[in-house]
Amino acid sequence: MRRVGLIINPIAGMGGAVGLKGTDGAKIVQRAYALGAEKVSAERAKAFLRSFGALSNTIEFLTCPGEMGEGVFQELGMPCRVIPGRTAETSAEDTRSAARLMQNSDVAIIAFCGGDGTARDILDAVGQRVPVIGIPSGVKMHSGVFAVSPKTAAEIVTKFLWDELPLKEGEVADVDEEAFREGRLSARLYGYLSVPHEPAGIQGMKAPTPITDEASENRRAVAKWVIENMEGGILYILGPGSTVKTINEILGIEGMLLGVDLVLNRRMLHSDVNEKDILKAISKRPARIVVSPIGKQGFIFGRGNQQISSRVLRRLGKEAVMIVSTREKLEGIQVLRVDTGDSDVDALFRGIMKVLVDYNIFRAMRVES
């Protein structure tokens with residue numbers, strides 16, 4: 001029996017749809033609950049476990065009590081061995097303690113369901129002494145230790161257990177959430193974890209967009225084309241990032257660099273909105289979405305813009321989405337990716353989509369989920 005550890009951060013990703021950009025700290029978690037945030041990590045963990053299929057009978061899973069793992073196994077009717085730990089009001093220290101216990105129990109690999117903050121906890125606990133793989137469930141996932149989806153995480157674990165993958169160092173990076181909520185990106189590299197080497201299945205560390213005159217001019221050309229083709233009475237949902245926010249800059253309206261804004265008739269309707277705000281707005285009028293892929297990772301939905309949720313995308317459809325990017329950013333991206341947590345919605349985007357890379361110049365890119 002191959003032995004695999006599974007640690008779930010119950011609150012990971014809660015801040016995404018409600019526009020909080022993370023859930024680090026008790027006060028932010030309370031605020032997320034007050035805004036009606038829903039827990040998402042358990043469903044992500046279930047998707048991971050289901051993907052093993054019959055192979056799960058050849059794996060001994062070690063997990064934590066309650067919401068940190070045991071509850072998910074009980075819901076799926078899958079056997080597991082539960083290590084000591086708390087069942088309620090868990091914290092980062094519970095994650096660190098669980099990782100140490102699993103290391104001492106000779107697991108072949110630890111799978112953790114969370115975001116960058118959870119990756120930092122795992123790093124603090126075990127360093128590179130045991131291989132790990134991240135099941136993406138956070139809001140901000142800048143680190144290079146996460147699989148591109150829960151299903152892919154299971155595929156990587158399977159290949160690793162059967163000696164098909166070597167190990168590599170994966171970067172653990174995180175941002176200052178307070179600065180992030182204010183529209184400032186302050187990222188830091190904390191160290192490295194040992195992860196299976198599967199370039200097609202593990203997302204790279206987020207790469208910032210270069211600040212050069214050429215890139216700035218490219219962004220402005222893209223933004224001008226979008227603005228010139230804006231239609232009256234159409235709501236424009238503008239995602240995060242410098243390429244998209246150049247639209248605001250040229251229009252002379254203030255928006256959130258790292259948030260989602262709503263623009264109507266070339267004027268700001270609402271800034272830094274959450275999922276509920278978007279759903280309410282699109283119930284009243286037709287809308288389109290403008291997003292830019294994350295540098296190096298290629299995600300257009302499911303990373304950093306969870307306010308534009310699967311519910312929003314299901315309502316508007318693929319035809320309402322415009323993807324924009326500078327030429328330089330797109331050169332570092334092999335494929336575009338979607339990981340909304342809704343497999344049906346993700347499937348809508350598979351195939352070829354156009355990306356606006358300059359004034360009235362498009363490039364065809366493949367989208368995977």
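Here, each number is a calculation from the coordinates, and none is a lab measurement. No experiment lies behind these values; they were computed from the predicted model shown. Every residue, glycine as well, gets a Cβ built from its backbone with ideal geometry; the counts of neighbours run over all protein chains shown.
Here are some notes:
- Bridge orientation summary for the chain: considering DSSP beta bridges with both residues in this region, about 45 percent are antiparallel.
- Summing charges over all other residues whose Cβ lies under 13 Å from the Cβ of F73, with Lys and Arg as +1 and Asp and Glu as -1, gives -1.
- Computed [θ] at 222 nm, helices only, for the chain once each DSSP H run of length n ≥ 4 contributes -39500 (n - 2.57): -9500 deg cm²/dmol
- For the chain, relative contact order (Cα pairs under 8 Å, six or more residues apart, normalised by length) works out to 14 percent.
- Quotient of Cα Rg and 2.2 N^0.38 Å for the range 57-152, N being how many residues it contains: 1.02
- Average Cα contact separation per residue, the range 213-368, under 8 Å, 6 or more apart, as relative contact order %: 23 percent
- Solvent-free Debye scattering, log10 I(q)/I(0), computed from the Cα coordinates of the range 33-99 at q = 0.13, 0.14, 0.16 Å⁻¹: -0.40, -0.46, -0.60
- Within the range 198-229, backbone nitrogen closer than 18 Å to the virtual label 7 Å beyond the Cα of R266 toward Cβ: 220-229
- Computed across the range 4-67, the Kirkwood hydrodynamic radius from all distinct Cα-Cα pairs reaches 13.2 Å.
- Normalised by the number of residues in the range 2-196, the mean separation of alpha-carbon contacts (under 8 Å, six or more apart) gives a relative contact order of 24 percent.
- For the range 213-368, the orientation-averaged shadow of the C-alpha convex hull comes to 8.0 nm² (one quarter of the hull surface).
- With a cut-off of 15 Å between beta carbons, the residues surrounding G233 carry a summed charge of +4, where Lys and Arg count +1 and Asp and Glu -1.
- The largest-to-smallest principal axis extents of the Cα set in the chain are 61, 41, 35 Å.
- Estimated from the Cβ-Cβ distance and a Förster radius of 51 angstrom, the FRET efficiency linking E331 and E89 is about 0.65.
- Residue-span extension gain [A54 to E319] - 0.36 nm each, minus C-alpha spacing: 91.6 nm
- Within the listed set I250, I282, I156, the residue fluctuating most in the Gaussian network model of the chain (springs between alpha-carbon atoms under 10 angstrom) is I250.
- For the range 355-369 versus the range 99-146, the inter-centroid distance based on Cα atoms is 34 Å.
- Selection among F349, P65, A47 by position relative to the dipole of the chain gives F349 as farthest towards the positive end (Cβ unit charges, Cα centre).
- Most mobile of T118, T63, T246 in a GNM of the chain (Cα contacts under 10 Å): T246
- A cut-off under 15 angstrom between Cβ atoms defines the neighbours of R267, and their net charge, with Lys, Arg +1 and Asp, Glu -1, is -2.
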